[in-house]
Amino acid sequence: MPIKLINFEIKGDERGKLIALEENKNIPFEIKRVYYIYGTESGVRRGFHSHKKIEQVLICTSGSCKILLDDGHSKENIELNSPHQGLIITKDIWHEMYDFSPNCVLTVLANQHYDESDYIRNYADFLAYISQNK
Ligand code: T46
């Protein structure tokens, strides 16, 4: 499974650094929602779901964490540890987030509003769904 990363252009000068995120420019969709995850302890794992329609870009704007990506055929793990890198998670990818550093802020941009019916939160249901929707 190819890991889809975006390297954001850094606008840096002697005052520090700035990154701008723009829909349909360096973010490959219309941004309908932004949320961020912080204060997760290092031993905690989150996620454990896939999405039917929602596509997202995950950015570790502070600290680091790891992401497991699973398309039902293969699994990949990636560490996010840079505010200038974004990880695209498309629909139909089971994902889990783990190994959060104490200062981790995981910022997520999504192309849809929050909708619990878009989630598949059971792994067996995920495998059945992707095999039915090939
Ligand atoms: C994802 C990963 C990367 C809302 O009310 N609105 C929201 O926009 C979101 C994202 C969540 N919630 C509620 C739903 C739950 O009651 O916040 C609570 C925690 O959400 P959840 O258990 O789904 O959190 P994670 O960290 O397991 O997953 C989140 C996103 O939900 C998910 O879409 O891809 O981060």
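Once you've got the Cα coordinates, tell me which of LYS11/LYS91; LYS75/LYS134; LYS17/LYS53; LYS17/LYS66; LYS32/LYS75 are over 26 Å apart. Before the final figure, lay out each step's value.
Details: LYS11/LYS91 31 Å; LYS75/LYS134 18 Å; LYS17/LYS53 33 Å; LYS17/LYS66 24 Å; LYS32/LYS75 28 Å.
Where the Cα-Cα span goes over 26 Å, the pairs concerned are LYS11/LYS91; LYS17/LYS53; LYS32/LYS75.
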Quick one: which residues, 5 or more positions from ASN111 or on another chain, have an amide H under 5 Å from its amide H? H modelled 1.01 Å from N in the peptide plane, none for Pro or chain starts. LYS32, GLU55
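Looking at segment 1-98, which trypsin sites (Lys or Arg not before Pro) are in a loop (DSSP not H, G, I, E or B) and have at most 10 other Cβ atoms within 10 Å?
Details: sites: LYS4, LYS11, ARG15, LYS17, LYS25, LYS32, ARG33, ARG45, ARG46, LYS52, LYS53, LYS66, LYS75, LYS91; in loops: ARG15, LYS25, LYS32, ARG45, LYS52, LYS53, LYS91.
Qualifying residues, ordered by number: ARG15, LYS25.
State the dimensionless ratio Rg/Rh of segment 1-74 (Rg: radius of gyration of Cα atoms; Rh: Kirkwood radius). Could you put the intermediate results ahead of the total?
Working: Rg = 14.9 Å, Rh = 15.2 Å.
Rg/Rh: 0.98.
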Signed unit charges on C-beta, dipole axis of segment 26-123, positive-most listed residue HIS73, ILE89, LEU106: LEU106
Take every Cα-Cα distance within the chain, group them into 10 Å bins from 0 onward, and report for each bin the whole-number percent of pairs it holds. 12, 41, 36, 9, 2, 0
Residue-ordered couplings for segment 55-67, obtained by feeding phi - 60° into the Karplus form 6.51 cos²θ - 1.76 cosθ + 1.60 and rounding to whole Hz (Gly and Pro as x), are 10, 9, 10, 9, 10, 7, 6, 8, x, 8, 7, 10, 10
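Using Cα pairs closer than 8 Å and at least 6 residues apart in sequence, work out the relative contact order for the chain, in percent.
34
Net charge near ASP99: determine it from the other residues with C-beta under 13 Å of the C-beta of ASP99, scoring Lys and Arg +1 and Asp and Glu -1.
0
The numbers here are math on the coordinates, done by the rules we state, and not lab data. Model, not experiment: these values are computed from the prediction. Cβ sites come from the backbone with ideal geometry, for glycine too, and all protein chains shown count toward neighbours.
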